[in-house]
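Q: Take this structure, written in structure tokens, and hold onto it; I'll ask about it next.
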Amino acid sequence: MSTTPSVAEDPARYAQFEARIAADQSIEPKDWMPERYRSQLVRMMSQHAHSEVVGMLPEGNWITRAPSLRRKMILLAKVQDEAGHGLYIYCGTETLGVDRQELVQQLLDGKAKYSSIFNYPTLTWADIGAIGWLVDGAAIVNQTMLAKASYGPYARAMVRICKEENFHKRQGYEIMTTLARGTAAQKAMAQDALNRWWWPSLMMFGPHDSASSNSDELMKWGIKRKSNDELRQRFINLTIAQVKAIDLTVPDPDLRYDDATGNWIAGPIDWDEFWRVVKGNGPCNSERIGARRSAHAEGRWVRDAAVAFAEKQRSNNRETAERQQ
Amino acid sequence: MTPNSPERSWPLWEVFTQGRDGEPHQHAGSVHATDAEHALQNARDVYARRNEAVNLWVVPSAAITASTPEDMGPFFDPANDKAYRHPQFYKVPKGVKVF
Ligand SMILES: [Fe+2]
Ligand SMILES: [Fe+2]
């Protein structure tokens, strides 16, 4: 990954920018920044925003079938939070001069990337537990780091999001705990969900550091503060104790505790599966985009009505003003 | 307005939240909305789902004038050499312990 084009932009300003990054200063929308810094942020933030939005779909699938009113209200609130997260981050990308509409269109056109984890199906109620616990748990590890990102609007959106994520993780773990302590069939359902979500959750942190093309640049510019592998390790270490506490097991025969480092070392990750899903061939890729498209199309009349209503209000106000003159 | 006509973005509004009575309003983020009332409703849904606000302001983003980062030095410069605006500038006789 070369940064030469940026240096060519203006060596003095580039040096100043790097000095500010080195001094841990926050970069704000109107500050000068290398074009490459801006485009990397737009890429990363829009993918992140899309992930929040698409992330609503696997869980939305269970809102009508939640096992109690309490669980239904919780799940509704969680899914609504994810919509909010999408909005916080889209709003962050707009400070970089990108129009939200453009990004939404890219998602609808199937041109945008989002986290591959949301291309897996939610087959049972236990999957809702596993998602809150593992997927939101992994997101917390990632987003806690991003709350210190060098770009101010992104970091501030992350601070806001992190405050809300703990509830997401807790409610998921509570579902898993309840099932794991229930009947044999319920416990088996929890174990099955853990089996299916464990590896995709580890993949959420992205390829190994040695195979991650963007990482070096993102870390050099303080957008990321920790590498994919460091974050993944942190997540594994945090989660294994939680798995044991509810008497389940992770589907990894090679998992071992390393005394020297205090780390839980996972077996090899199936990167072929990862790339298959990233490239669009996961179990639900087309279903997710299809659901987004129809939701967007079916919501059109609501958006049109809002525009028409505002227009009518404006013309009413104008008439009243004229009459009073 | 046919379903196939292109959609234009709704105007952008900056949102300021007052966390508690007596506190100042703070910038929270932005929302898109068709008019001010709609912006308030969206701001409530996006930025105040957990009692983060007792009061909201929404301002059309285009209506905000900000100083530029380049101004950082010269614009605020008049404040730099006036140490006498701070209490530490003044000496108090030794015997006076509490002032
Ligand atoms: Fe989220
Ligand atoms: Fe979440």
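Q: Residues that are among the polar types (S, T, N, Q), surrounded by 14 or more Cβ atoms within 10 Å (Cβ to Cβ) and within 23 Å of the chain's Cα centre (by Cα): which helices (runs of 4 or more DSSP H) entirely in the stretch A:1-108 hold 1 or more of them?
A: In the stretch A:1-108, the matching helices (runs of 4 or more DSSP H) lie at A:35-54, A:69-94, A:100-108.
Q: Can we say A:ALA180 is within 16 Å of ligand 1 (Cβ to nearest atom), in contact with an Asp or Glu (Cβ under 8 Å, 6 or more places away or on another chain) and in contact (Cβ under 8 Å) with a residue 40 or more places away in the chain?
A: Taking the combined requirement at face value, the residue does not satisfy it.
Q: Condition first: aromatic (Phe, Trp, Tyr) and assigned to a helix (DSSP H, G or I). Can you find one or more residues in the stretch B:61-80 that meet it?
A: Yes, there is a match, as at least one residue in the stretch B:61-80 is aromatic (Phe, Trp, Tyr) and assigned to a helix (DSSP H, G or I).
Q: OK, next. Name, by its number, the condition in (1) more than 14 Å from ligand 1 (Cβ to nearest atom); (2) within 18 Å of the chain's Cα centre (by Cα); (3) among the aromatic types (Phe, Trp, Tyr) that does not hold for A:TYR173.
A: (2)
Q: So, in the stretch A:130-145, how many residues would count as being hydrophobic (A, V, I, L, M, F, W, C) and more than 12 Å from ligand 1 (Cβ to nearest atom)?
A: Qualifying residue count, the stretch A:130-145: 5.
Q: Quick one: which of A:LEU194, A:LEU123 is farther than 24 Å from A:ALA49 by Cα, in a loop (DSSP other than H, G, I, E, B) and of a type outside the set (Gly, Ala, Ser)?
A: From the options A:LEU194, A:LEU123, the qualifying one is A:LEU123.
Q: Separate question: Does B:GLU23 satisfy the criteria of being of a type in the set (D, E, K, R) and either surrounded by 16 or more Cβ atoms within 10 Å (Cβ to Cβ) or more than 10 Å from chain A (Cβ to nearest Cβ) (or both)?
A: Yes.
Q: Inspect all residues belonging to the stretch B:39-55 and state whether any of them is more than 30 Å from A:PHE167 (Cα to Cα) and not in a loop (DSSP other than H, G, I, E, B).
A: no
Q: Within the stretch B:26-38, which residues are open to solvent by 70 Å² or more (accessible area, probe 1.4 Å), within 10 Å of chain A (Cβ to nearest Cβ) and part of a strand (DSSP E or B)?
A: Hit for the stretch B:26-38 is B:HIS27, nothing else.
Q: Looking only at the stretch A:22-39, count every residue that is within 15 Å of A:ALA155 (Cβ to Cβ), more than 14 Å from chain B (Cβ to nearest Cβ) and in contact with a helix residue (DSSP H, G or I) (Cβ under 8 Å, 6 or more places away or on another chain) and tell me the total.
A: Matching residues across the stretch A:22-39 total 1.
Q: Can you find a residue in the stretch A:117-127 that is open to solvent by 50 Å² or more (accessible area, probe 1.4 Å) and over 30 Å from A:LYS30 (Cβ atoms)?
A: There is at least one residue in the stretch A:117-127 that is open to solvent by 50 Å² or more (accessible area, probe 1.4 Å) and over 30 Å from A:LYS30 (Cβ atoms).
Q: With respect to A:GLU102, determine if the residue is of a type in the set (Asp, Glu) and within 11 Å of ligand 2 (Cβ to nearest atom).
A: When the stated conditions are applied, A:GLU102 does not pass them.
Q: Which of the helices (runs of 4 or more DSSP H) contained wholly in the stretch A:217-325 include at least 2 residues that are among the hydrophobic types (A, V, I, L, M, F, W, C) and more than 14 Å from chain B (Cβ to nearest Cβ)?
A: So the answer is A:228-245, A:271-276, A:285-298.
Q: Moving on to the next point. Show the residue pairs that are 6+ apart or on different chains and have beta-carbon atoms under 6 Å apart, the first residue being within the stretch A:144-172 and under 11 Å from A:GLY222 (Cβ atoms), the second being within 15 Å of ligand 1 (Cβ to nearest atom) and open to solvent by 20 Å² or more (accessible area, probe 1.4 Å).
A: A:ALA155/A:ALA147
Q: A follow-up question, please. Could you tell me whether A:ASP270 is under 30 Å from A:ALA130 (Cα atoms) and either exposed (fewer than 14 other Cβ atoms within 10 Å of the Cβ) or of a type in the set (Phe, Trp, Tyr) (or both)?
A: Here the answer is yes, as A:ASP270 does meet what is asked.
Q: Moving on to the next point. Looking for something open to solvent by less than 80 Å² (accessible area, probe 1.4 Å) and at the interface with chain A (Cβ under 8 Å from one of its Cβ atoms) - is there at least one such residue anywhere in the stretch B:50-65?
A: Checking the stretch B:50-65: not a single residue is open to solvent by less than 80 Å² (accessible area, probe 1.4 Å) and at the interface with chain A (Cβ under 8 Å from one of its Cβ atoms).
Q: Further, regarding this structure: What is the residue count in the stretch A:58-114 for residues that are more than 14 Å from every other protein chain (Cβ to nearest Cβ) and without any contact (Cβ under 8 Å) to a residue 12 or more places away in the chain?
A: Counting residues in the stretch A:58-114 that are more than 14 Å from every other protein chain (Cβ to nearest Cβ) and without any contact (Cβ under 8 Å) to a residue 12 or more places away in the chain gives 6.
The values are calculated or read from the model by the stated rules, or taken from the named source; none is laboratory data. Everything numeric here is computed off the predicted structure, so don't read it as measured data. Heads up, the Cβs are rebuilt from the backbone with ideal geometry, glycines too, and the neighbour counts pull from every protein chain shown. Ligands, DNA and RNA are stripped out before the accessible areas are found, and what is left, the full protein with its side chains, is counted by its heavy atoms. Shrake-Rupley method; radii C 1.70, N 1.55, O 1.52, S 1.80 Å.
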